[in-house]
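The values are calculated or read from the model by the stated rules, or taken from the named source; none is laboratory data. Keep in mind it's a predicted model, so treat the numbers as computed, not measured. As a convention, Cβ positions derive from the backbone with ideal geometry for all residues, glycine included, and neighbour counts pool all protein chains shown.
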Amino acid sequence: MIGLVLSGGASLGAIQVGMLHALYEQGVTPDLIVATSVGAVNGAFIASRPPTVATAEALGDVWRKIRRDEVFPPNLVTGLLGFLGRRNSLLPGTGLRRLLEHHVQFERLEDAAIPLHVIGASSVFKRASSSARSSIASNRNRLFFVSGMAAK
């Protein structure tokens with residue numbers, strides 16, 4: 001079993017594309033994807049397509065064409081309400097939702113061609129991260145951390 005772990009880090013998600021491309025070129029394809037933040041966006045794209053170099057190239061095209069305002073459109077009202085604590089965020093989620101709807105080829109995580117597990121962080125971060133570790137630890141064959149480092 002090969003697990004692919006995709007971290008967060010905003011524009012670092014673009015780096016994941018090159019690493020994914022290199023893995024696919026070597027015939028390394030994931031049986032499972034665990035991801036958070038921008039890694040979850042990339043993971044959803046990957047999990048909805050065949051594990052091929054063409055998929056990595058298509059994801060690279062998305063990264064080259066996307067602009068910040070498309071994903072995080074500025075909205076004065078949303079920003080003000082977020083600042084005042086009346087909303088959970090400073091930016092609307094509409095741009096990210098559009099991006100996902102356009103590029104991810106499934107609607108529910110259960111429908112992904114490659115199993116995808118999305119990890120979120122909050123005040124219960126230790127619980128979330130430890131449950132992710134335990135689910136990964138049971139699959140000890142090969143695990144690839146795609147955020148600038150690979151591990152065996």
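Observations, loosely collected:
- Single unsatisfied condition, Pro50 versus (1) touching a helix residue (DSSP H, G or I) at 6+ places or on another chain (Cβ under 9 Å); (2) at pLDDT 95 or above: (1)
- Number of residues in the stretch 17-43 that are touching a strand residue (DSSP E or B) at 6+ places or on another chain (Cβ under 6 Å) and under 22 Å from Asp111 (Cβ atoms) equals 10.
- Selection count, the stretch 100-113, where residues are surrounded by 10 or more Cβ atoms within 10 Å (Cβ to Cβ) and either hydrophobic (A, V, I, L, M, F, W, C) or not in a loop (DSSP other than H, G, I, E, B) (or both): 8
- Meets criteria (at pLDDT below 50 and outside any loop (DSSP other than H, G, I, E, B)) for Ser131: yes
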